[in-house]
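Asker: Below: one structure in structure tokens.
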Amino acid sequence: MSASRLEPQFYDRDTVELAKSLLGKILTRAGDGVMRRCRIVEVEAYVKNDPANHAYRGMTPKNRSMFSKPGTLYVYMVHNNFCMNIVRGGGEAVLIRAAQPLENINGETRGPGRLCRTLGIDRGFDGLDLCSSDLLWLEDDGYVVPKIGVSRRIGVSKGKTRLLRFYIVGSRWVSR
């Protein structure tokens, strides 16, 4: 598979545009001598003045990574599941909701908690720089997303009417 690692400037853009641009990119996880790859098929944007955003009320010790530079990983736990977000910076980020298995993936990748469990992502990955890490990074293999769907986010109680969920239309790997 010929793909190039995403550079820091890729992540430094409007959060909604970042969310859409992450669709089709390859999430690569290295560990135990194995490379695991999956294609991002579903994301949700968390923007400023968004009551569903973990950074809505400012920086805390738990959400500090959301205020890091673009391309940082923010990992948190909800309902005993870890979830990963790609930081845009300034308290904004994109939740990775689902991915299509491509290589060496053994487990469920529909839903943010299942995806993290399958890839072995936990709170220890919080603050990781995706541009320099040897454990986790994103790649572009030139895949062109045929059509992007838009809907309300899943599982949020505040800001639930906002159309900030994006997914690859027709992908069987999008969460239900």
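The values are calculated or read from the model by the stated rules, or taken from the named source; none is laboratory data. Since the structure is predicted, the reported quantities are computational estimates derived from the model, not experimental observations. A quick note on method: Cβ atoms are made from the backbone with ideal geometry, for glycine too, and the neighbour counts reach across all protein chains shown. For the accessible areas, the whole protein counts, side chains as well, though only heavy atoms, and no ligand, DNA or RNA atoms are used. Shrake-Rupley method; radii C 1.70, N 1.55, O 1.52, S 1.80 Å.
Asker: Take LYS158 and tell me if it is basic (Lys, Arg), surrounded by fewer than 22 Cβ atoms within 10 Å (Cβ to Cβ), more than 27 Å from LYS69 (Cα to Cα) and over 15 Å from the mean Cα position of the chain (by Cα). Step through it out loud before you land on a result.
Answerer: Numbers: basic (Lys, Arg): yes; surrounded by fewer than 22 Cβ atoms within 10 Å (Cβ to Cβ): yes; more than 27 Å from LYS69 (Cα to Cα): no; over 15 Å from the mean Cα position of the chain (by Cα): yes.
Taking the combined requirement at face value, the residue does not satisfy it.
Asker: For region 85-105, check the following and say yes or no: at least one residue is closer than 16 Å to PHE125 by Cα, modelled with pLDDT under 85 and either in contact with a helix residue (DSSP H, G or I) (Cβ under 7 Å, 6 or more places away or on another chain) or not aliphatic (A, V, I, L, M) (or both). Let's see the steps before the verdict.
Answerer: Looking only at region 85-105, we keep the residues that are closer than 16 Å to PHE125 by Cα, and these are 85-87, 93-96.
From what is left, the residues that are modelled with pLDDT under 85 are none.
No, region 85-105 contains no residue that is closer than 16 Å to PHE125 by Cα, modelled with pLDDT under 85 and either in contact with a helix residue (DSSP H, G or I) (Cβ under 7 Å, 6 or more places away or on another chain) or not aliphatic (A, V, I, L, M) (or both).
Asker: Please enumerate the residues belonging to region 14-31 that are under 27 Å from VAL156 (Cα atoms) and loosely packed, with under 15 Cβ neighbours inside 10 Å. Talk me through it step by step, then tell me what you get.
Answerer: Of all residues in region 14-31, those under 27 Å from VAL156 (Cα atoms) come to 14-27.
If the condition is that a residue be under 27 Å from VAL156 (Cα atoms) and loosely packed, with under 15 Cβ neighbours inside 10 Å, then ASP14, GLU17 are the ones that fit.
Asker: Just to verify a result, which residue in region 97-111, among those that are touching a strand residue (DSSP E or B) at 6+ places or on another chain (Cβ under 9 Å) and without any contact (Cβ under 8 Å) to a residue 24 or more places away in the chain, is farthest from VAL169 (Cα to Cα)?
Answerer: Quick first cut of region 97-111, residues touching a strand residue (DSSP E or B) at 6+ places or on another chain (Cβ under 9 Å) only: 97-107, 109-111.
Next cut, without any contact (Cβ under 8 Å) to a residue 24 or more places away in the chain only: 106-107.
Values: ASN106: 24, GLY107: 22 Å.
Checked region 97-111; the qualifying residue farthest from VAL169 (Cα to Cα) is ASN106.
Asker: Here's a follow-up. Which residue pairs have Cβ atoms under 7 Å apart, sit 6 or more places apart or on different chains, and have a first residue in region 1-30 that is closer than 24 Å to ASN49 by Cα and a second that is among the hydroxyl-bearing types (Ser, Thr, Tyr) and surrounded by 13 or more Cβ atoms within 10 Å (Cβ to Cβ)?
Answerer: LEU18/TYR11
Asker: Continuing with this model, one more query. Give the residue that is nearest to VAL145 (Cα to Cα), with candidates limited to residues of region 32-55 that are among the aliphatic types (A, V, I, L, M) and surrounded by fewer than 20 Cβ atoms within 10 Å (Cβ to Cβ). Give the derivation first.
Answerer: Start the filter on region 32-55 by keeping residues that are among the aliphatic types (A, V, I, L, M), which leaves 34-35, 40-41, 43, 45, 47, 52, 55.
Narrowing further to those that are surrounded by fewer than 20 Cβ atoms within 10 Å (Cβ to Cβ): 34-35, 52.
Numbers: VAL34: 27, MET35: 23, ALA52: 27 Å.
Among them, the one singled out is MET35.
Asker: Still on this structure: Would you call ARG176 part of a loop (DSSP other than H, G, I, E, B) and either more than 12 Å from the chain's Cα centre (by Cα) or over 15 Å from LEU27 (Cβ atoms) (or both)? Walk me through it before giving the result.
Answerer: On the way: part of a loop (DSSP other than H, G, I, E, B): yes; either more than 12 Å from the chain's Cα centre (by Cα) or over 15 Å from LEU27 (Cβ atoms) (or both): yes.
Spelling it out, ARG176 is indeed part of a loop (DSSP other than H, G, I, E, B) and either more than 12 Å from the chain's Cα centre (by Cα) or over 15 Å from LEU27 (Cβ atoms) (or both).
Asker: Same structure again: Tally time: how many residues in region 161-176 are surrounded by 12 or more Cβ atoms within 10 Å (Cβ to Cβ), over 18 Å from LEU102 (Cα atoms) and not aliphatic (A, V, I, L, M)?
Answerer: Here the count works out to 3.
Asker: All but one of (1) out of contact with any helix residue (DSSP H, G or I) (no Cβ under 9 Å at 6 or more places or on another chain); (2) at pLDDT below 95 hold for VAL78; which doesn't?
Answerer: Unmet condition: (1).
Asker: Going by the conditions given, is PHE10 open to solvent by 10 Å² or more (accessible area, probe 1.4 Å) and touching a helix residue (DSSP H, G or I) at 6+ places or on another chain (Cβ under 8 Å)?
Answerer: Numbers: open to solvent by 10 Å² or more (accessible area, probe 1.4 Å): yes; touching a helix residue (DSSP H, G or I) at 6+ places or on another chain (Cβ under 8 Å): yes.
Yes; evaluated as a whole, the condition is true for this residue.
Asker: Another question about this same structure. Taking strands (runs of 3 or more DSSP E) that do not extend beyond region 56-153, which have at least 1 residues that are open to solvent by less than 60 Å² (accessible area, probe 1.4 Å) and basic (Lys, Arg)?
Answerer: Passing ranges, in order: 92-103.
Asker: Cβ-Cβ under 7 Å, sequence separation 6+ or interchain: first residue in region 45-66 and farther than 18 Å from MET84 by Cβ, partner surrounded by 12 or more Cβ atoms within 10 Å (Cβ to Cβ) and modelled with pLDDT of 85 or more. Which pairs?
Answerer: From residues that are farther than 18 Å from MET84 by Cβ, the pairs are LYS48/GLY91; LYS48/GLU92; MET59/PHE67.
Asker: Could you give me the residue pairs with C-beta distances under 8 Å whose first residue belongs to region 144-161 and is at pLDDT 75 or above, whose second residue is polar (S, T, N, Q) wherever it lies, and which are 6+ apart or on separate chains?
Answerer: ARG152/THR161; ILE154/SER175
Asker: Oh, and also: If I filter region 66-85 down to residues being within 16 Å of LEU138 (Cβ to Cβ) and among the aliphatic types (A, V, I, L, M), which single residue comes out as nearest to the chain's Cα centre (by Cα)?
Answerer: MET84
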